[in-house]
1. I'd like to check something: does region 129-141 contain any residue that is under 26 Å from P35 (Cβ atoms), in a helix (DSSP H, G or I) and modelled with pLDDT of 90 or more?
2. If you scan region 319-365, which residues turn out to be open to solvent by less than 10 Å² (accessible area, probe 1.4 Å) and modelled with pLDDT under 75?
3. Please go through (1) without any contact (Cβ under 8 Å) to a residue 24 or more places away in the chain; (2) closer than 26 Å to T197 by Cα; (3) of a type in the set (S, T, Y) for Y486 and return the number of the only condition it doesn't satisfy.
4. Give all pairs with beta carbons closer than 8 Å in which a residue from region 385-405 that is modelled with pLDDT of 90 or more meets a residue that is surrounded by fewer than 19 Cβ atoms within 10 Å (Cβ to Cβ) and of a type in the set (G, A, S); count only pairs at least 6 apart in sequence or on separate chains.
5. Can you tell me which residue within region 487-537, out of those that are within 16 Å of I409 (Cβ to Cβ) and among the small types (G, A, S), is modelled with the lowest pLDDT?
6. Look through region 417-428, keep the residues that are assigned to a helix (DSSP H, G or I) and surrounded by 17 or more Cβ atoms within 10 Å (Cβ to Cβ), and return whichever of them is modelled with the lowest pLDDT.
7. Is it the case that region 445-454 has a residue that's open to solvent by 10 Å² or more (accessible area, probe 1.4 Å), aromatic (F, W, Y), touching a Leu at 6+ places or on another chain (Cβ under 7 Å) and at pLDDT below 90?
8. Just give me the residues in region 488-519 being part of a helix (DSSP H, G or I) and open to solvent by less than 30 Å² (accessible area, probe 1.4 Å), in sequence order.
Amino acid sequence: MSGKPASLDVDGLMRELGQFRRFHLINYFLLALVPFAAAIYAVNYIFLAADVPYRCVIPECESANTTEYSPAWLESALAAGGRERRCASYAPLDTQLPCGEGGFSDELRTCDQWLYASRDTIVAEFNLACQEWKRTLVGTVHNIGMLVSLPILGYISDRWGRKRALVLSCTLVGAIGSLKAFSISYEMYVIVEFLETVAGASAFPAAYILTIELLGQDKRVLTTAFLGIMLVIGGLSFAMLAKTFAYWRTFILVVYPPSLLFLSYIYILPESIRWLLSKSRKEEAAEIIMSAAKMNKVTLSDETIKQLYSQEEKIQTIDEKKDTEGEDGLWIQVLRSPIIMTRLAICSWWWITCTFVFYGLAINSVSLAGDKYTNYMLVVSVEIIAVVTNALVLDRFGRKRTLLTAYTICGISCISITFVPTSLSWLATFLYLIGKIAITQAFSGIYMYTSELFPTHARHSLLGFCSMVGRVGSIVAPQMPLLAIYVDWLPSVLFGATALVAGGLMLTTPETLNTRLPDTIAEAEHIEARSLAPPPGDKGAEQANGQVTSRF
């Protein structure tokens, strides 16, 4: 699996094809729909499993079918505040007399019936009152599904192709996700939530890999910025759709079925040229390359065509060598490389930090004062700042310094929140947004940086592994509101501390600015040594390395 198309510079080929002509623009549009949809599905439990106001039903004063949420005597019947106000009530002094002020004893009793102010979420539908753990468990189960999904779809992507993994993930999420609308119990809903995520969590990684492999090295930053903006647009659309179709079953039936249209990508989306060449499928790669050249109205140089068609013999030789070596599995090769193993562990911590802080702050956004939909849109909107900042600085200052700065700012901002007095709520909100911008910048950049640290034939599998381990963070994140009930400052400190550790680890890995994507583990181990060295005789790459020294 370590075969490398040595004589053909794919980055130079992509530049020769023209990266902003018809072939590429059509595929950018097709792939852009994936992060748009992924942003809608990724955290919809924030609204579908959102808390709603509810109170105890006082059987001595009202019937079980009552619809009046705030009768005149209610304040006398309920506890003073906190969880007990929602889960316990005072007993009437005399069940024969009408309920009223002063008509209740000081004895608290646990409620067994509740009245909900809204039935828009599963909390009311499945009677989850005073079972906060069940509500937050939905988000945790969702992220456990992501943990299971990523290595499976990563293996499919590296073994059978990027396109197959993408189509499989996108269509299954639509089919399985739609079943949630027909859930008849909490248990059924959680099971379908898990299966939906297992099927669809890898859609965005597959789209990202396909997009970045479609481009030359000088356009990787643009790729990440482009997909990041689509995630923001998808997040804004998610909030607007959730507000428009507030009832959870209606929302599901509106947003999930359209994903079945991704099945058409089987016929209209090409496979990754890099992946095909890494698998010695030269004829299929050549067919796509020639089709792209025709669609873009460019003529490939004789040298490029010669390299393309002379590649077959070289690749076959490498494959024969692999066969004589017994073709070690991917993970055997990784285990034999201390450099890649160390890098894999460090990348995994970066991902844990990104998912933990990113989703933790996103979940907490609906708890801020004001309309929860508006708050979510505000938090998502500021992500544009992170995307634009990355587009301006990643190629100018390098991956390491940019990400180190982002992690550090995030860590300091989150920890600082704990020292802000309650009278300065605006300052806490400001620091919150700064932390969200910084972690979004880190999350956006870490996708690209991680993909540049690993070789082509294992890129999706290793990226998937890092993302899978990273889901530990997003599994824990939904439980932070529960933790805040007991120690309100601890979540912010945990967010900040993990970000600062991630920033420190950024000092231990190589810079990938101006490097070609490594095709083999040997190349990945020596990234810095080959950072500015184009293939011999590759004038196009030499020119690109001389020009592209400033951006994301």
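1. Within region 129-141, one or more residues are under 26 Å from P35 (Cβ atoms), in a helix (DSSP H, G or I) and modelled with pLDDT of 90 or more.
2. Passing the criteria: only S365.
3. Going through the list (1) without any contact (Cβ under 8 Å) to a residue 24 or more places away in the chain; (2) closer than 26 Å to T197 by Cα; (3) of a type in the set (S, T, Y), Y486 breaks only (2).
4. Once the first residue is modelled with pLDDT of 90 or more and sits in region 385-405, no partner that is surrounded by fewer than 19 Cβ atoms within 10 Å (Cβ to Cβ) and of a type in the set (G, A, S) comes close enough.
5. The qualifying residue modelled with the lowest pLDDT is S492.
6. Per the stated criteria, the residue is A428.
7. Looking through region 445-454, none of the residues is open to solvent by 10 Å² or more (accessible area, probe 1.4 Å), aromatic (F, W, Y), touching a Leu at 6+ places or on another chain (Cβ under 7 Å) and at pLDDT below 90.
8. Scanning region 488-519 gives P491, S492, F495, G496, T498, A499, A502, G503, M506.
The values are calculated or read from the model by the stated rules, or taken from the named source; none is laboratory data. Given the structure is predicted, the values throughout are model-derived calculations rather than measurements. Cβ sites come from the backbone with ideal geometry, for glycine too, and all protein chains shown count toward neighbours. Ligands, DNA and RNA are excluded from the accessible area calculation, which covers all protein heavy atoms including side chains. Shrake-Rupley method; radii C 1.70, N 1.55, O 1.52, S 1.80 Å.
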